[in-house]
Amino acid sequence: MNQPKTHQGRCFCGAVEFTVTGEPAGMGYCHCESCRTWSAGPVNAFSLWQPDALEVTKGADQIGTFNKTPGSSRKWCKQCGGHLFTDHPGMGLVDVYAAVIPTLEFKPGIHVHYQETRLPLKDGLPKMKDMPKEMGGSGIALAE
């Protein structure tokens, strides 16, 4: 039988370690101002998982949480400040930042909140004004 794939990840200093098991519900890039300023980059690569696919295996007591809005709970390591996850309770998913899962083959499928982009990309992927309709957005696609 095929066992579900398990990926191991960690924060910048290694105080927090985790695993994700199975396949992400989706992967892509977020261009919203909140993700850009949180990540200190022009775009944020995300991988969305069912909450039960994520298990913190070390350092759970070292995880801090910040809620800018009720729609997201951003998590980071209290020791090094390394960003780890964002819980999205309205979507019922957790974003495990793609950069902290070194063995995950990142296969982006979409750009979200592209109306806010600071780094226009021409990669052939759909560019959503905000979010897909099934995720509570307008479902409006923008031109590349």
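The values are calculated or read from the model by the stated rules, or taken from the named source; none is laboratory data. Fair warning: this is a prediction, and the values are worked out from it, not measured in the lab. Positions of Cβ are backbone-derived with ideal geometry, glycine not excepted, and every protein chain shown enters the neighbour counts. Side chains are part of the model used for accessible areas, which takes the heavy atoms of the whole protein and leaves out ligands, DNA and RNA. Shrake-Rupley method; radii C 1.70, N 1.55, O 1.52, S 1.80 Å.
Below are the figures for this structure:
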{"read-out": "Carbon/sulfur fraction of accessible area - the stretch 1-81, other protein chains in place, 1.4 Å, %", "value": "51 percent"}
{"read-out": "Heavy-atom surface of the chain, accessible at 1.4 Å and reported per residue (Å²)", "value": "55 Å²"}
{"read-out": "Rounded to the nearest 10 Å², the accessible area of D52 at probe 1.4 Å", "value": "140 Å²"}
{"read-out": "Rounded to whole Hz, the Karplus (6.51, -1.76, 1.60) HN-Hα couplings of the stretch 69-77, x for glycine and proline", "value": "9, x, x, 7, 10, 7, 10, 8, 7"}
{"read-out": "For the stretch 6-18, 3J(HN,Hα) per residue [Karplus equation, 6.51 cos²θ - 1.76 cosθ + 1.60, θ = phi - 60°, Hz, x = Gly/Pro]", "value": "10, 10, 10, x, 7, 6, 4, 9, x, 5, 10, 10, 8"}
{"read-out": "Surrounding net charge for Y29, when Lys and Arg each add one and Asp and Glu each subtract one, Cβ distance under 15 Å", "value": "0"}
{"read-out": "Residue-count net charge about A15 - beta-carbon cut-off 10 Å; Lys, Arg +1, Asp, Glu -1", "value": "+1"}
{"read-out": "Gain on full stretching of the segment that runs from K58 to S138 - 0.36 nm per residue minus C-alpha separation", "value": "24.9 nm"}
{"read-out": "For the stretch 101-108, Karplus couplings with θ = phi - 60° (6.51, -1.76, 1.60), whole Hz, Gly/Pro x", "value": "10, x, 8, 6, 6, 6, 10, x"}
{"read-out": "Cut-off under 5 Å, modelled amide H: who pairs with A141 long-range", "value": "K129"}
{"read-out": "Surrounding net charge for I140, when Lys and Arg each add one and Asp and Glu each subtract one, Cβ distance under 12 Å", "value": "+2"}
{"read-out": "Cut-off under 5 Å, modelled amide H: who pairs with K58 long-range", "value": "E17"}
